[in-house]
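Okay, structure first, notes after.
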Amino acid sequence: MELAVLGLGRMGKGIALRLKEKGHDVLAWNRGPGPRDEVAAKGCRVVDDHKRVAENLKAPRVVWLMLPAGDVTEQVMQDVLETLSPGDILIDGGNSFYKDTLRRHAHVEAKGVNFIDVGVSGGLLGGEVGYCTMAGGQKEVFSHIEPVLRDMSIEGGYLHCGPAGSGHYTKMVHNAIEYAIMQGIGEGFELLKKGHYGKDLDLAAVAKLWTNGSIIRGFLMDCTASALAKDPDLGKLTQRIDDNGEGKWTIQEALDYQVPFLMTSHALFSRYLSREPEVFAYKVVAAQRHEFGGHKIHDKQ
Ligand SMILES: NC(=O)c1ccc[n+]([C@@H]2O[C@H](COP(=O)([O-])OP(=O)(O)OC[C@H]3O[C@@H](n4cnc5c(N)ncnc54)[C@H](OP(=O)(O)O)[C@@H]3O)[C@@H](O)[C@H]2O)c1
């Protein structure tokens, strides 16, 4: 099938190359030239201007956006939309907030262009072994692009989740679960490192062991084992953990629906704490204890 992939970052490049390898006719665009040259060397057609994508595709055109959520996706989508015709299909494969996606569905479809939101999981490895893809939008439009979803995904790894926005919504909750699992693994290894057997335990060996047959095996444990094998103390990194918003959006959604969302909340706030060299709240608590009970405070050295 002919399609364009716009945005050749870690994910977009992997998707473009995987689809090319599966026999699709891939037209690719990236803002910077480096990734364009890389995919061109592997057989993709390329354009250097996203506003020229449409003129290089046959109708009905299929255009896949794989860009940072928010302003970048919005801007590129608007630019491309102006060049598309009724019946064409726009796909947003990034981690967009589902309420933005709902607004975009209405806006794009008002122009007669079809819109599908796809949550993509699988990270860097997905380009090799296949991704897990979650699609939202009209079933007939999904059916039209199904060959693309089938070929980019691992066997059995794609689903039409439901109506507009449901692909991104499902991916948002997926990522919130990911926060919680990652935090659980992180805390477990902190106790292994600091607890009773700390000095005796080879953390990289334990992580590797747990990838092998244990109940908590899985991709995130594989990643833990791989990182600890390379740097057993993780001494090369700081503790700062960034986030792209999915945890926050999911917690806000859980609040709106009064769904207890303890694990991801804990994980998200831990990420916020990880960015603080000094936590004022802790100083306030220590000061209160000192004020009411004369409990010891620890002066700065
Ligand atoms: N990484 C993951 O594991 C993962 C997994 C699932 C979903 N996602 C989602 O997939 C999307 C892409 O993620 P990624 O990891 O591939 O990102 P990335 O590696 O950081 O690549 C970002 C891409 O966006 C382009 N870009 C950035 N700012 C731009 C601008 N102002 N105008 C035009 N293009 C711009 C970059 O082009 P240049 O090369 O010119 O900078 C690059 O192609 C995001 O929505 C992300 O949340 C990521």
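The values are calculated or read from the model by the stated rules, or taken from the named source; none is laboratory data. Quick caveat, the model's predicted, so the values are computed rather than measured. As a convention, Cβ positions derive from the backbone with ideal geometry for all residues, glycine included, and neighbour counts pool all protein chains shown. Only protein heavy atoms, including side chains, enter the accessible area calculation; ligands, DNA and RNA are left aside. Shrake-Rupley method; radii C 1.70, N 1.55, O 1.52, S 1.80 Å.
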Inset, instruction - Answer with yes or no whether residue 18 is of a type outside the set (S, T, N, Q), closer than 16 Å to residue 153 by Cα and touching an Asp or Glu at 6+ places or on another chain (Cβ under 8 Å). - result: yes
Legend entry - Subset of region 115-129 that is part of a strand (DSSP E or B) and near the ligand (Cβ under 9 Å from one of its atoms) - its residue that is surrounded by the fewest Cβ atoms within 10 Å (Cβ to Cβ): 121
Legend entry - Index of the failed condition, residue 140 passing every other in (1) over 25 Å from residue 71 (Cα atoms); (2) open to solvent by 50 Å² or more (accessible area, probe 1.4 Å); (3) touching a strand residue (DSSP E or B) at 6+ places or on another chain (Cβ under 7 Å): (3)
Inset, instruction - Could you tell me which numbered condition residue 146 fails, if it satisfies all but one of (1) more than 25 Å from residue 223 (Cβ to Cβ); (2) within 20 Å of the chain's Cα centre (by Cα); (3) open to solvent by less than 60 Å² (accessible area, probe 1.4 Å)? - result: (2)
Legend entry - Among residues of region 64-78, those that are among the hydrophobic types (A, V, I, L, M, F, W, C), open to solvent by less than 30 Å² (accessible area, probe 1.4 Å) and closer than 17 Å to residue 168 by Cα, counted: 5
Legend entry - Candidates 208, 300, filtered to the one that is outside the structural domain of residue 184 (by TED's automatic domain parsing), closer than 22 Å to residue 182 by Cα and open to solvent by 70 Å² or more (accessible area, probe 1.4 Å): 208
Inset, instruction - Evaluate the following for residue 112: is it in a loop (DSSP other than H, G, I, E, B), open to solvent by less than 40 Å² (accessible area, probe 1.4 Å) and more than 16 Å from the ligand (Cβ to nearest atom)? - result: yes
Legend entry - Test result for residue 137, touching a residue at least 12 places away in the same chain (Cβ under 8 Å) and under 25 Å from residue 75 (Cβ atoms): yes
